[in-house]
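The values are calculated or read from the model by the stated rules, or taken from the named source; none is laboratory data. Model, not experiment: these values are computed from the prediction. FYI the Cβ positions are ideal-geometry reconstructions off the backbone, even for glycines, and counts take in every protein chain you see.
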Amino acid sequence: MAMRFCILGSGSSGNSAFLQTDDSRILIDAGFSARRLGEMLTAIGESIDRIDAIFLTHEHGDHTAALSGLKRFPQLKVFATAATSEVLSRSLGRPLAWQVFEPGTRFQFRDLTIDAFSVPHDAADPVGFVFSWGHDDLLSPRRRLGWLTDLGHLPQLVRERVRGVDLLVLEANYDAKLLEDDTKRPWSVKQRIAGRHGHLSNQDAHAFLASCHAEQPTLREVFLAHLSRDCNSLEAVAREFAPLTSGETGVRFRVTPVAPGTGSAMVEWA
Ligand SMILES: [Zn+2]
Ligand SMILES: [Zn+2]
């Protein structure tokens, strides 16, 4: 069973990723204008007409900006929790064919099995996801992709949810020192970012990956994502994660560029 995955763009100016399996083409979040999202899909040989569904983590604009411009694509199913869909319906001011799911449950979409679970973030009902596909046999082994961005810390339950994934997208939002030294943000905003319902720092993400590595024999790919433009840099990420990336862990690390709307390379699995 084949899979293609790439992050179209990730950061405070917008987040969206593309996942294709044998029978599904989906986006995880859609935080760019519909026009920009269309251009990003064209750049990887896809188009919005061919996308079956969008899975939303939460209502913040950097994850949902495309919704208002997507009404020309009725085939698109938009999956979100009830609270997220209600907040967005109010701001969109028009009905949308929501596919509502409950956090903590498992559901099916085409050949994808989706586990959605609550994460700590300052939104109505934010979630992380594990998407899985394939069968538990040699010809088509089951594969799992975990998605963890926009969360202030990593509760034990969340850690357990992503155990056993093959590919993990993990937030590395800010470098603790760069955030502390930042002069653009007032203290209250810094508190929000670094708070229990804000974002994960490089240090948080590194500590998590270092602690779980022994328990994650299946992990092959890590995408570090949602980097802050002002309070993070590729250098800061490289420095923080050097103990993991330079070792013989067998895990490939990719960092989604800080430049707005710059995506990652495409990962393709047979
Ligand atoms: Zn958010
Ligand atoms: Zn965000």
Open item on the list: Contact list please: Cβ distance under 8 Å, first residue in region 116-136 and without any contact (Cβ under 8 Å) to a residue 24 or more places away in the chain and on the phi > 0 side of the Ramachandran plot, second residue of a type in the set (Ser, Thr, Tyr) and more than 15 Å from ligand 1 (Cβ to nearest atom), pairs at least six apart or on different chains.
Closed with: none
TODO: Select from region 81-138 the residues that are in contact with a His (Cβ under 9 Å, 6 or more places away or on another chain) and part of a loop (DSSP other than H, G, I, E, B) and list them in ascending order.
DONE: 81, 119, 120, 121, 122, 123, 124, 125, 126
TODO: For residues that are out of contact with any Gly (no Cβ under 6 Å at 6 or more places or on another chain) and within 16 Å of ligand 2 (Cβ to nearest atom), scanning just region 65-77, find the one that is nearest to residue 125 (Cα to Cα).
DONE: 67
TODO: Answer yes or no: is there a residue in region 161-170 that is within 16 Å of ligand 1 (Cβ to nearest atom), part of a helix (DSSP H, G or I) and either modelled with pLDDT under 95 or surrounded by 16 or more Cβ atoms within 10 Å (Cβ to Cβ) (or both).
DONE: no
Open item on the list: Condition first: within 16 Å of ligand 2 (Cβ to nearest atom) and within 19 Å of residue 130 (Cα to Cα). Now tell me which residues in region 32-58 satisfy that.
Closed with: 54, 55, 56, 57, 58
Task: Of the criteria (1) within 16 Å of ligand 1 (Cβ to nearest atom); (2) more than 23 Å from residue 17 (Cα to Cα); (3) surrounded by fewer than 15 Cβ atoms within 10 Å (Cβ to Cβ), which one residue 194 fails - done: (3)
Open item on the list: Which pairs turn up if I take residues in region 52-69 that are under 14 Å from residue 151 (Cβ atoms) and surrounded by 24 or more Cβ atoms within 10 Å (Cβ to Cβ) and look for partners that are at pLDDT 95 or above and of a type in the set (Ser, Thr, Tyr) with beta carbon separation below 9 Å, at least 6 apart in sequence or on another chain?
Closed with: 57/84; 57/149; 58/64; 58/81; 58/84; 63/16; 63/57; 63/149
Task: Among the candidates 79, 73, 107, residue that is out of contact with any helix residue (DSSP H, G or I) (no Cβ under 7 Å at 6 or more places or on another chain) and surrounded by 14 or more Cβ atoms within 10 Å (Cβ to Cβ) - done: 79
Open item on the list: Condition first: in contact with a helix residue (DSSP H, G or I) (Cβ under 9 Å, 6 or more places away or on another chain) and closer than 27 Å to residue 219 by Cα. Can you find one or more residues in region 88-100 that meet it?
Closed with: no
- [ ] Please work out if residue 104 is of a type outside the set (D, E, K, R), free of Cβ contacts under 8 Å to residues at least 40 places away in the same chain and away from ligand 2 (no atom under 14 Å from the Cβ).
- [x] yes
Open item on the list: I need a count of the residues in region 17-35 that are touching a residue at least 60 places away in the same chain (Cβ under 8 Å), surrounded by fewer than 21 Cβ atoms within 10 Å (Cβ to Cβ) and more than 16 Å from residue 75 (Cα to Cα).
Closed with: 1
TODO: Check off (1) away from ligand 2 (no atom under 16 Å from the Cβ); (2) in contact with a helix residue (DSSP H, G or I) (Cβ under 9 Å, 6 or more places away or on another chain); (3) in a loop (DSSP other than H, G, I, E, B) for residue 141 and give me the number that stays unchecked.
DONE: (2)
TODO: For region 217-230, state whether one or more residues are over 22 Å from residue 265 (Cβ atoms) and buried (at least 19 other Cβ atoms within 10 Å of the Cβ).
DONE: no
TODO: Please specify each residue of region 39-51 satisfying the condition of being polar (S, T, N, Q) and surrounded by 12 or more Cβ atoms within 10 Å (Cβ to Cβ).
DONE: 47
